[in-house]
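Okay, so here's the structure we're looking at.
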Amino acid sequence: MVEPALRDQLLAALPSLRAFALSLAGNGDRADDLVQDTIVRAWSNLDRYQDGTNLQAWLFTILRNHFYSEHRKRQREVEDVDGAYSASLVAIPDQNAHLDFQDFQRALLRLPVDQREALLLVGAQGFSYEEAAVICGCAMGTIKSRISRARTRLAELLSLNEAEDLGPDCIVMASLHPVG
């Protein structure tokens, strides 16, 4: 049970708390909510209040801290009355990318070694056609042909519409996780 003197001090502090809350919030309704929240918090934490200390200062501290906590929280919030903003947020499931990558690795392993080698040298390792030709000991036209055939075959194996669907990202991913 709260002592009548403490209860009277809480009630006496209300006008000052409201004026302070109004100066912080700039809105009467918001100020009233702040004062109410402050009294509720103070009431539930009366065991933390030390007799003989300044009750009004303690209440003002609770109000101020609550105001700034709410203010920080509201800065991170986005008003989305009609749900348009939340509808635009999409999180693509991670497992699909992993499964797609596994499919790509299996398809890459099914390519003839010479095509896979040419594709990885140019697409994943970043060598020019000329450099890849020197590394493989063949003509530059042969490297271009191997890469073209490799891309076409990968598109078939992965059930893609065209070899162009195999963008550079697919080949770069292969270099991050070498095959065989």
Counting only helices (runs of 4 or more DSSP H) wholly inside region 104-160, the ones holding at least 3 residues that are among the charged types (D, E, K, R) are 113-119, 140-157
Residue that is nearest to GLU156 (Cα to Cα) [pool: residues in region 118-130 that are of a type outside the set (A, V, I, L, M, F, W, C) and modelled with pLDDT under 90]: GLY123
Hey, ASP82 among the acidic types (Asp, Glu) and under 27 Å from LEU6 (Cβ atoms) or not: no
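Rundown of residues vs (1) touching a residue at least 40 places away in the same chain (Cβ under 8 Å); (2) at positive phi; (3) in contact with a strand residue (DSSP E or B) (Cβ under 9 Å, 6 or more places away or on another chain); (4) exposed (fewer than 10 other Cβ atoms within 10 Å of the Cβ), yes/no style:
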{"site": "LEU17", "(1), (2), (3), (4)": "yes, no, no, no"}
{"site": "PHE20", "(1), (2), (3), (4)": "yes, no, no, no"}
{"site": "ALA31", "(1), (2), (3), (4)": "no, no, no, no"}
{"site": "VAL40", "(1), (2), (3), (4)": "no, no, no, no"}
{"site": "LEU59", "(1), (2), (3), (4)": "yes, no, no, no"}
{"site": "GLU77", "(1), (2), (3), (4)": "no, no, no, yes"}
Does GLY126 count as on the phi > 0 side of the Ramachandran plot, exposed (fewer than 12 other Cβ atoms within 10 Å of the Cβ) and free of Cβ contacts under 8 Å to residues at least 24 places away in the same chain? no
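The values are calculated or read from the model by the stated rules, or taken from the named source; none is laboratory data. From a predicted model like this one, the values you see are computed outputs, not experimental measurements. Because the Cβ atoms are built from the backbone with ideal geometry, glycine has one as well, and the counts that use them run over all protein chains shown.
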